[in-house]
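One structure below.
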Amino acid sequence: MFTILLLASTFLTYSQDNKVYFNDAISQHLKPYIKQSNLAFENKDYELAEVLFDSLFENHLLNTFIPNLELPKLSGGDLETDDFENPFLLITKTTWDFPNEKEIEAINTIAQAYRNQVEVIVLYWGPKKKVKQVTGGYNRYVTVTYIDETENLSNSIIKTYKHSFGAPACFFVSSTKQLMALDRKFSLFSFDTSQTKKSYAMAENHIKELIFLFEEFKKSLLTDRQ
């Protein structure tokens, strides 16, 4: 695992000079993927559907750069991801999902455990008033944001992050603003306890990878300055 992460770190630095942006990759490769994926689901070939997604991510989305996201915060003001020094998680959700207190508690636990190392953002698709009704349980280590689609102010973000993989989903982004993992079925709670533990462990592994890459990136910066 260490060797894999070290290689990923090396590639991360190299790819700074060959920037491919996530939204451009989505525009180019999403339609063929959806067409093939829909056909796989129609044939009930769920294993092929997973293979298609893995191929899309690994061949076209992994290490792509996330352009600056300017999101209105539920608490007031705006958040801009380019301002982050740390890696960040972008968790997308919808206001019409029944608020799951146990999942919110799990997100809170992760955000608090990795505070000052990873930023945790939850983005709700829906109007501010409705978002307030379903987000009362998040702690101060989680930044809750929202996009009201009826205002038509963030069409590029809606197109890229909602219409591509829906919600819930979680984008794991490095400190260099590169996509390192994507969980398109993101959920930290299930009535199946074993599934909950598996999902939580997977999320933690991705976070630990982001932290490792961040430390390697900082070391490389120090070396360059010497």
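Values in this text are rule-based calculations from the coordinates and carry no lab data. Remember, it's a predicted structure, so these values are computed and weren't measured experimentally. Note that each Cβ is placed from the backbone with ideal geometry, even for glycine, and that neighbours are counted across all protein chains shown.
Computed values, structure above
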| read-out | value |
| --- | --- |
| Spin-label pair N86/S220, simplified geometry with 7 Å Cα→Cβ offset, distance in nm | 2.1 nm |
| Of N116, P127, T94, farthest towards positive along the dipole that unit charges on Lys, Arg, Asp, Glu beta carbons give the chain | P127 |
| Label-point gap, in nm, between E149 and S190 - each point 7 angstrom along Cα→Cβ | 2.7 nm |
| Assigned charges on the beta-carbon of Lys, Arg, Asp, Glu; the chain dipole about Cα centre (debye) | 380 debye |
| Prolate/oblate/rounded call for region 87-189, Cα gyration tensor, a/c under 1.5 rounded | oblate |
| Anchor K132: lysines whose Cα lies under 17 Å away (excluding residues fewer than 8 positions away in-chain) | K73, K93 |
| Cα gyration tensor category, rounded, prolate or oblate, for region 123-171 with a/c compared to 1.5 | oblate |
| Spin-label zone in region 135-171 - amide nitrogen under 18 Å from a point set 7 Å from the Cα of N38 along the C-beta vector | 159-160, 162-167 |
| Read-out semi-axes √(5λ) of the Cα gyration tensor in Å, derived from the coordinates shown; its label in (i) 23, 21, 17; (ii) 26, 23, 19; (iii) 37, 21, 14 | (ii) |
| Charged-residue dipole, Cβ positions (Lys, Arg, Asp, Glu), region 115-191 about Cα centre, Debye nearest 20 | 140 debye |
